[in-house]
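Asker: Shown below is the structure under consideration.
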Amino acid sequence: MSTVIGTATGTAGEGGPSLPQERRLVTEIPGPRSRELLARKQAAVPPGIGTTLPVFVTHAGGGVVVDADGNSLIDFGSGIAVTGVGNAAPRVVERVRRQVADFTHTCFMVTPYESYVRVAEELNRITPGDHEKRTFLLNSGAEAVENAVKVARHATGRQAVVVFEHGYHGRTLLTMTLTAKNMPYKHGFGPFAPEVYRVPLAYPFRWPTGPENCAEEAAAQVIDKITKEIGAGNVAAVVIEPIAGEGGFIEPAPGFLPAILEFCRRNGIVFVADEVQTGFSRTGDLFACEHEGIVPDIIVTAKGIAGGLPLAAVTGRAEILDRVHVGGLGGTYGGNPLACEAALGVLETIEAEDLTGRARRIGAAMLPRLRALAERNPVIGDVRGRGAMIAVELVVPGTTDPHPTAAAEIAARCHAEGLLVLTAGTYGNVLRFLPPLVIPDHLLEEGLAILEKAVNET
Ligand SMILES: Cc1ncc(COP(=O)(O)O)c(C=O)c1O
């Protein structure tokens, strides 16, 4: 019996920043080759695995994604905040190339290797706070969030976990329980994990008494709920995104995070910052917690950590992480040597190319244009975000009623014009922009012009 494996599309070794940094449409989107591949996907992959934009990628780098039909699209998504350093970033490629030829896996728990330790040392050094820290590595954001909860429960001897409205933490049993939104993340997948409690988030745009009251009132409600309904002494951890990602890039009103942190400190609750989406310079700080001087007890990272290779980390106070017995943590692939080398390449790139500063400049270029667009188009109710993590929230003009169909329509127009944008939000009415931090200015400008046109025509 012979098996046909199929033919690779594209030529190996042409991705990365040397790809022509241009938008180029040579077919309709998706083109015939992508449509063919989509038909095969539909026959082979269950529909539960969705597709935002059905172009099949052959190469990517800098600010573009190239598809199987030869179209070159502007990337405002970074594979959902992963390729901040760009796809096939040279320092990542070089390190991974060397590593793959040396050895691919031993299992760090069986026979360790230096790169894992170096990643841990680096994360201990660069994450907020100068206390003694430990780091262990995992494969995905969800796995890391789960492990943060395990560690917090073990260290405190308590069970309850407090999470927030609009929060997203993953798709495993525990993390989908921690996640707020029913459809598509939870619907039909119950029963959920016990001892998870949800409290309000300080969402300025939607706060009933106005954004100026949001931080104080929301923090008071959270503290009241925890105290009255759960009992602060039963809470192992509060898990929060410093900017809610999938929930719609909601920056909690200033003062909210410090108030929650202070409450946690007073009550021996482990404060876990989920920086899976916000970490590694995305928000114009290396970590979003830095913006308000938050020093979490545990910080969870993934996505941007390794330029696209699967890696995640739990970094926290030594006195919390050291409590777990030998063998209580780990996994076969966690801290795989290829992913560790990629992470070291990412950290070198962030520093060498000042990507934190670059994220700030991207925000400074995007926000004024989007605010001007919002003034002319009442369908945009709110413009928000920091650095290269920017969103617009769409509403029925003259109201704050969510307008998810406008978001879908604008995203579709952008896609047809070769601009990859993502949607988000509890109400599905947010367009979010996560360009690679290495995107050249001319593509950022061109992408914004396409977006402006799409909004104007909607
Ligand atoms: C804030 C946050 N936490 C956790 C996750 C889950 O990460 P992963 O998809 O790597 O499991 C995500 C993914 O989008 C996220 O944005």
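The values are calculated or read from the model by the stated rules, or taken from the named source; none is laboratory data. Predicted model only: the values in this text are computed from it and were never measured. Here the Cβ positions follow ideal geometry from the backbone for every residue, glycine too, while neighbour counts run over all protein chains shown. Areas reflect the complete protein model, heavy atoms only, side chains present, ligands, DNA and RNA absent. Shrake-Rupley method; radii C 1.70, N 1.55, O 1.52, S 1.80 Å.
Asker: In segment 257-264, is there at least one residue being closer than 30 Å to L355 by Cα, outside any helix (DSSP H, G or I) and open to solvent by less than 10 Å² (accessible area, probe 1.4 Å)?
Answerer: No, segment 257-264 has no match at all.
Asker: Is there a residue being of a type in the set (F, W, Y) and under 22 Å from the mean Cα position of the chain (by Cα) anywhere in segment 201-214? So that I can check it myself, show each step before the final result.
Answerer: Initial filter on segment 201-214 (of a type in the set (F, W, Y)): 203, 205, 207.
Applying the additional criterion that residues be under 22 Å from the mean Cα position of the chain (by Cα) yields 203, 205.
Yes, segment 201-214 contains at least one residue that is of a type in the set (F, W, Y) and under 22 Å from the mean Cα position of the chain (by Cα).
Asker: Whether any residue in segment 367-388 is surrounded by fewer than 18 Cβ atoms within 10 Å (Cβ to Cβ), under 20 Å from the mean Cα position of the chain (by Cα) and not in a loop (DSSP other than H, G, I, E, B) is what I want to check.
Answerer: yes
Asker: Next up: In segment 213-229, what count of residues is obtained for those that are surrounded by fewer than 18 Cβ atoms within 10 Å (Cβ to Cβ) and either under 23 Å from N429 (Cα atoms) or touching a strand residue (DSSP E or B) at 6+ places or on another chain (Cβ under 6 Å) (or both)?
Answerer: Total satisfying the criteria: 1.
Asker: Let me ask something else. Mind checking whether some residue in segment 426-435 is open to solvent by 60 Å² or more (accessible area, probe 1.4 Å) and touching an Asp or Glu at 6+ places or on another chain (Cβ under 9 Å)?
Answerer: Start the filter on segment 426-435 by keeping residues that are open to solvent by 60 Å² or more (accessible area, probe 1.4 Å), which leaves 427.
Cutting the leftovers down to touching an Asp or Glu at 6+ places or on another chain (Cβ under 9 Å) gives us 427.
Yes: segment 426-435 contains one or more residues that are open to solvent by 60 Å² or more (accessible area, probe 1.4 Å) and touching an Asp or Glu at 6+ places or on another chain (Cβ under 9 Å).
Asker: Given G141, G157, G129, which one is out of contact with any Phe, Trp or Tyr (no Cβ under 8 Å at 6 or more places or on another chain), within 8 Å of the ligand (Cβ to nearest atom) and modelled with pLDDT of 95 or more?
Answerer: Numbers: G157 fails: within 8 Å of the ligand (Cβ to nearest atom); G129 fails: within 8 Å of the ligand (Cβ to nearest atom).
Matching residue, one of G141, G157, G129: G141.
Asker: For G233, all conditions in the list (1) within 24 Å of G381 (Cα to Cα); (2) more than 16 Å from the ligand (Cβ to nearest atom) hold save one; what is the number of the exception?
Answerer: Checking G233 against (1) within 24 Å of G381 (Cα to Cα); (2) more than 16 Å from the ligand (Cβ to nearest atom), the one that fails is (1).
Asker: Among the residues of segment 236-269, which ones are closer than 21 Å to E146 by Cα and either basic (K, R) or within 11 Å of the ligand (Cβ to nearest atom) (or both)?
Answerer: Listed by number, the residues that qualify are V239, I240, E241, P242, I243, A244, G245, E246, G247.
Asker: Answer with yes or no whether G86 is outside any strand (DSSP E or B), more than 16 Å from the ligand (Cβ to nearest atom) and within 21 Å of A313 (Cα to Cα). Lay out the reasoning, then the answer.
Answerer: Numbers: outside any strand (DSSP E or B): yes; more than 16 Å from the ligand (Cβ to nearest atom): yes; within 21 Å of A313 (Cα to Cα): yes.
So G86 fits the description; yes.
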